[in-house]
Amino acid sequence: IAAGMVGRMLLAARAHGTDAVFQYWMRPYPPYLSHGSLMNFDGTLRAGGVGYAIAGAMIQGMQPRGVLRLGKCVTACVFAHPEGGRGIAALWDSRPFLSNPASQVALKADGAAIEALDMMANPLSLDEKNGFTVAQVATDPVYLAAASAERLEAVLKAAKVVVSGENTFVVSATIKANDTGRPCLWVRIYNNSLDPRQGTFSLDKVPEGFS
């Protein structure tokens, strides 16, 4: 989660026109901010540091062309070489990390050569279905590269998005002691869509210790 989160932060900031981004929390301190830190206590890189460095390397020397919303859930940050030509787009599913969302982005490439890389710059294979080039997109950034930034942007704008788990949400409940030692019921809900959800949570009986 951390590697995808800090990479997305950098890519989104730059795509919206920010000139420079500085990650303040380098070391995992204080503990509640350790998920966003880039280094371990011994100075070695964490997965977040690697993902952050690769995100920066991917768009090094590029200029932002803007941010696209593909369907309801997929964000695409598009960058172009300042002298024209090559373009890079970073895509991810914008729904909550812990709900494990996924989307299929179907591109009508029409002969345009599109290269796909995962968050760690490893090559990804793209599926070919019914004349579409299909990219699997989850919460971690996926990079698409093409020889023409304008062509890549046009292909993305015409993309069809198939969302998995759009109408689901996850509810988890645990009973544990709070800071005063009293038992409390902790309920967490992860909405796996961008639409509001409403429901009722009820207990069959009140556990011992609750009033």
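Here, each number is a calculation from the coordinates, and none is a lab measurement. Note that this is a predicted model, so its numbers are computed, not measured. Using ideal geometry, Cβ is built from the backbone for each residue, glycine included, and neighbour counts are taken over all protein chains shown.
Tabulated data for the structure shown
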item: Distance in nm between pseudo-label sites at residue 148 and residue 164 (7 Å out along the Cβ direction from Cα); result: 3.3
item: For residue 75, net neighbour charge (Lys/Arg +1, Asp/Glu -1) across residues whose Cβ lies under 9 Å away; result: +1
item: Net lengthening on full extension, residue 16/residue 129 (0.36 nm per residue, minus Cα-Cα); result: 37.4 nm
item: For the range 55-127, diffusion coefficient by Stokes-Einstein and Kirkwood Rh (Cα), 4 °C, 1.567 mPa s, µm²/s; result: 94
